[in-house]
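This report refers to the structure that appears directly beneath it.
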Amino acid sequence: MRKSLGWLVSLSVLIGTVGSTGVATAADTETDTTAVADSQSTDIKDRILAIPGMSLIEEKPYAGYRYFVLEYVQPIDHHRPWAGTFKQRLSLLHKDTGRPTVFRTSGYGLSTTPSRTEPTRIIDGNQVSMEYRFFTPSRPQPADWSKLDIWQAANDQHRIFAALKKIYPKNWISTGGSKGGMTATYYERFFPRDMDGVVAYVAPNDVVNKEDSAYDRFFENVGTKDCRDRLNDLQREALVRRAPLQKKFQAWAESEGATFNTLGSLDKAYEAVVLDFVWGFWQYYGQDVCDQIPVAATATDDAVYETIDAYSGWSAYSDQGLEYYTPYYYQAATELGSPTIKQPHLDGLSRYGYQPAGSFVPREIPMKFKPQVMRDVDDWVRKNANHMLFVYGENDPWGAEKFRLGKGARDSFVYVAPGANHGANVAGLVDAERENATARILAWAGLSAPAVQAAQPLARFDARLDAPVDEDTTREHGLRP
């Protein structure tokens, strides 16, 4: 194991016993130690629930596993752990305490359906999944939004790891896709001694928020010219026909009770959805379905309207569509940054351009952008990455700004899956890279040399368990990683 946990054990004794008051006492510490010691021979559920602050929401059966949906008491502010707590949801796909464990983050909410990430299948291990703070129901009440940042979230993850490491002592690997891959990377930056490896999928790295030319270059070159022109023409047509199509949008909004107070007007929401169209096409689809896009010059109003809906989602920028994603847009407006692209084919038609992330956050929530945060993470990864794997899709716009490795990186890799979109994975890499990535994941998990040399997933594919899971269960597209 590459990372010593000696200092962590002593720290977890102090902070792992925070109760509803947010204060750890000597009696709590004694109870914690005794409970863990006494639980070694009990059922895994009892061992998990012996952790102070851990409670069970439900257990769901799945062949070969035990699956638990749990809540864990967390400090609202890790700088001041005595100043109040909230309950954070997590899930545990338990296989065996003698197997390695994958710690999965989505950066959003939590799906309560049993599933496995690709690394979990590769190492045939346990899996812990964490709901990101401030995504409901894991939101402090009242919500102090200043306590939503990547450092606080990393501390949430660290405390869960510290509590569960006593029960799952083998190697741990963190993983996540998109914002979840970003989350796994930020966790490694702040707690580099916790995990034995990191597998971050399609994780954007917006180092300088105001410099987004990489995205413009991406859209100038992705796919074929014929496909790019077809998409651009239809997007332009949706703005040329703004008046008749907006009547359809208005009728939809009235029928659904959709409102647009956050963004300011139906017109702004209409344009925001249209401007996402090309991005959404490449993020979720690709060249192989380009011929399904109607020809702009001959398309009916209904065809244009329905096509924009299929790839962008008309509900995305309504108040109801935005509500779930407020924590993401807040973070994009304060730390993560968000892309802006030029779209010259829309000159003279676009009234607002790409609107900043703060436009999608209710006005009563204060925001201030901190440009040093992403620069710090990028610098740390370049100089200190160790046992880190970044996987991107060749045709995914979010991969236009990647994490990159510098001279200080050790046993770390950045790979791009050819032809893949935002669903890129290790299985989609070219043969040599796929074999190396699989071997490194097995090695980081502490598995045997023969398994590492074979470089094959240890668990069989399960169509239900290994199906892609969208943690954003209310997603209606929109420009989000």
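Annotations for the structure displayed:
- Each of F390, Y329, G406 was scored by the projection of its Cα onto the charge dipole of region 329-407, and the greatest displacement toward the positive side belongs to G406; charges sit on the C-beta of Lys, Arg, Asp and Glu.
- In the chain, helices alone account for a calculated mean residue ellipticity at 222 nm of -11000 deg cm²/dmol, with every DSSP H run of four or more residues adding -39,500 (n - 2.57).
- Averaging 1/r over each pair of different alpha-carbon atoms in region 51-128 and inverting the result gives 13.7 Å, the Kirkwood hydrodynamic radius.
- Over all projection directions, the Cα-based convex hull of region 193-268 averages an area of 10.0 nm².
- Sequence-ordered 3J(HN,Hα) estimates for region 337-353 from the Karplus curve with 6.51, -1.76 and 1.60 and θ = phi - 60° stand at x, 8, x, 10, 10, 7, 6, x, 5, 9, 4, x, 10, 7, 8, 10, x Hz, glycine and proline given as x.
- Total charge dipole magnitude, the chain, about the Cα centre, Cβ charges on Lys, Arg, Asp, Glu only, Debye to nearest 20: 1280 debye
- Beta bridges per DSSP, both residues in the chain: antiparallel share near 50 percent.
- Taking a ≥ b ≥ c as the square roots of the eigenvalues of the Cα gyration tensor, region 373-481 is classed as oblate, since a/c reaches at least 1.5 and a/b does not exceed b/c.
- Only Lys, Arg (+1) and Asp, Glu (-1) charged, at Cβ; region 323-447 dipole about Cα centre in debye: 400 debye
- What you get for region 246-391, charging only the Cβ of Lys and Arg (+1) and of Asp and Glu (-1), is a dipole of about 700 debye around the Cα centre.
- Each part reduced to its alpha carbon centroid, region 113-160 and region 74-93 end up 11 Å apart.
- DSSP-loop GluC sites (Glu not before Pro) across region 177-270, with at most 16 other Cβ within 10 angstrom: E211
- Solvent exposure of region 259-414, expressed per residue, is 40 Å² of accessible area, with all protein chains present and a 1.4 angstrom probe.
- Projecting the Cα atoms of T185, A243, Y270 onto the charge dipole of region 174-275, computed from C-beta unit charges around the Cα centre, puts A243 farthest toward the positive end.
- Compactness of region 87-135, taken as the C-alpha radius of gyration over 2.2 N^0.38 Å, stands at 1.13.
- Heavy atoms of R242: accessible area, 1.4 Å probe, square angstrom to 10: 10 Å²
- Fraction of accessible area attributable to carbon and sulfur, region 347-416 (%, probe 1.4 Å): 48 percent
- Each residue, C290 and A214, gets one label point 7 Å from its Cα in the Cβ direction; the gap between the two is 2.4 nm.
- Volume in Å³ per residue [convex hull over Cα atoms, computed for region 137-263]: 219 Å³
- Cross-link reach list, lysines versus K368, counting only Cα pairs under 29 Å and skipping chain neighbours closer than eight places: K87, K147, K179, K210, K268, K342, K383, K402
- Measuring nothing but alpha carbons in region 244-373 and taking Rh as the Kirkwood radius, the Rg to Rh ratio lands at 0.98.
- Separation between Cα centres of region 258-318 and region 345-406, rounded to whole Å: 22 Å
- The mean sequence separation of alpha-carbon pairs under 8 Å and at least six residues apart, normalised by the residue count of the chain, gives a relative contact order of 17 percent.
- Loop-located GluC sites (Glu not before Pro) in region 295-388, at most 12 other Cβ atoms within 10 Å (DSSP): E364
- Distance between the modelled labels on D302 and Q453, one decimal in nanometres: 6.4 nm (7 Å Cα→Cβ projection).
The values are calculated or read from the model by the stated rules, or taken from the named source; none is laboratory data. Just so we're clear, the structure is a prediction, and the values are computed from it rather than from any experiment. Positions of Cβ are generated from backbone atoms using ideal geometry, with glycine treated the same way; all protein chains shown enter the neighbour counts. The protein model used for the area step is the full one, side chains on, heavy atoms only, and it has no ligands, DNA or RNA in it. Shrake-Rupley method; radii C 1.70, N 1.55, O 1.52, S 1.80 Å.
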